[in-house]
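Read the figures in this text as sums done on the coordinates, not as results from a lab. Remember, it's a predicted structure, so these values are computed and weren't measured experimentally. Every residue, glycine among them, receives a Cβ derived from its backbone with ideal geometry; neighbour counts consider all protein chains shown.
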Amino acid sequence: MIKNINTSNIKYDQNGLVPVIVQEANTGLVLMLAYMNEEALTKTIQTEVAHYYSRSRQLIWMKGETSGNIQQVKALHVDCDQDTLLLKIVQDGVACHTNHLSCFFEAWLEERQPQGNLGIIRELEAVILNRNRHPIEGSYTSHLLEKGLDKILKKVGEEATEVVIAAKSQDQSELVYETADLIYHMLTLLVKQGIPWSAVETELDKRRQMTANPLE
């Protein structure tokens with residue numbers, strides 16, 4: 001996908017590094033800022049998995065090498081001055097070492113707004129994935145995943161019923177609340193089954209392309 005590209009014009013700084021802006025391919029969310037040297041860039045292109053250069057440790061590292069939060073590369077762009085890269089990836093788990101999906105979770109100048117393009121779904125999926133890999137005592141998500149598939153399926157069934165009841169009662173606020181519960185439990189089910197949310201997006205996109213009405 002990105003193997004046959006010419007990187008010879010990239011302008012590295014005096015330390016042989018180029019900054020890399022990392023963006024979630026499905027949502028457009030900016031996840032982190034990192035650096036690459038020529039070798040890290042080559043590894044990234046060859047493997048289609050993000051590799052960076054650690055300025056503190058002075059070595060090349062693969063994102064997710066120890067945490068499991070791998071970044072699958074979908075696209076690579078260079079800016080007009082050839083001195084900054086934009087890496088579009090699909091994030092497995094979270095990008096930040098603080099267990100936030102993005103390293104830019106602290107807003108200074110504006111309030112946090114709901115993310116477009118189903119970004120909140122990807123963020124929630126990342127949290128559930130993280131709880132699956134690193135269970136936390138007292139976490140409902142960790143408890144649910146530990147109890148297994150039957151427990152999760154029971155909750156999905158219960159929440160689906162609650163959605164129906166809320167809709168029948170014409171209670172819009174309750175319907176929104178119960179729908180959020182159902183979506184959360186469905187995401188937990190997908191994580192338990194090893195199915196990424198991107199697979200659902202792909203299926204929906206496939207249906208949209210097949211017909212003008214995706215529900216026909």
Check: How big is the convex hull of the Cα atoms of the chain, per residue, in Å³?
Finding: 184 Å³
Note to self: Using the Cα centre of the chain as the reference point, and only Cβ charges (+1 on K/R, -1 on D/E), how large is the resulting charge dipole? Debye, rounded to the nearest 20.
What the structure shows: 620 debye
Check: Which whole-Hz couplings ³J(HN,Hα) result when phi for each residue of the range 23-29 is put into the Karplus expression 6.51 cos²θ - 1.76 cosθ + 1.60, θ = phi - 60°, listed in order with x for Gly and Pro?
Finding: 10, 5, 5, 7, 10, x, 5
Notebook entry, point to check: Any idea which of Val78, Ile89, Ile5 is furthest toward the positive side of the dipole for the chain, if Lys and Arg beta-carbons carry +1 and Asp and Glu beta-carbons -1?
Noted result: Ile5
Note to self: Just to be sure I understand: with springs between alpha-carbon atoms less than 10 Å apart, which residue in Ala95, Ala126, Ala40 has the highest mean-square fluctuation in the Gaussian network model of the chain?
What the structure shows: Ala40
Check: Most fluctuating residue of Lys192, Lys147, Lys74 in a GNM of the chain with Cα springs under 10 Å: which is it?
Finding: Lys147
Note to self: Springs between alpha-carbon pairs under 10 angstrom, Gaussian network model over the chain: which of Glu125, Glu24, Glu48 fluctuates most?
What the structure shows: Glu48
Note to self: Please report Rg (one decimal) and Dmax (integer) in Å for the Cα set of the range 1-116.
What the structure shows: 14.2, 42
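Which of Lys151/Lys192; Lys74/Lys155; Lys43/Lys63 have a Cα-Cα distance over 23 Å? Let's see the in-between values first.
On the way: Lys151/Lys192 11 Å; Lys74/Lys155 34 Å; Lys43/Lys63 12 Å.
Going by Cα-Cα distance, Lys74/Lys155 fall outside the 23 Å limit.
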Checklist line | Cut-off 19 Å (backbone N to label point 7 Å along Cα→Cβ of Lys147), residues of the range 182-197 | finding: 182-194
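Once R0 is set to 22 Å, what does the formula 1/(1 + (r/R0)^6) return for the Cβ-Cβ distance between Thr42 and Phe104, expressed as a FRET efficiency to the nearest 0.05? Each step should come with its number before you reach the end.
On the way: r = 27 Å, r/R0 = 1.24.
Efficiency computed from Cβ-Cβ geometry: 0.20.
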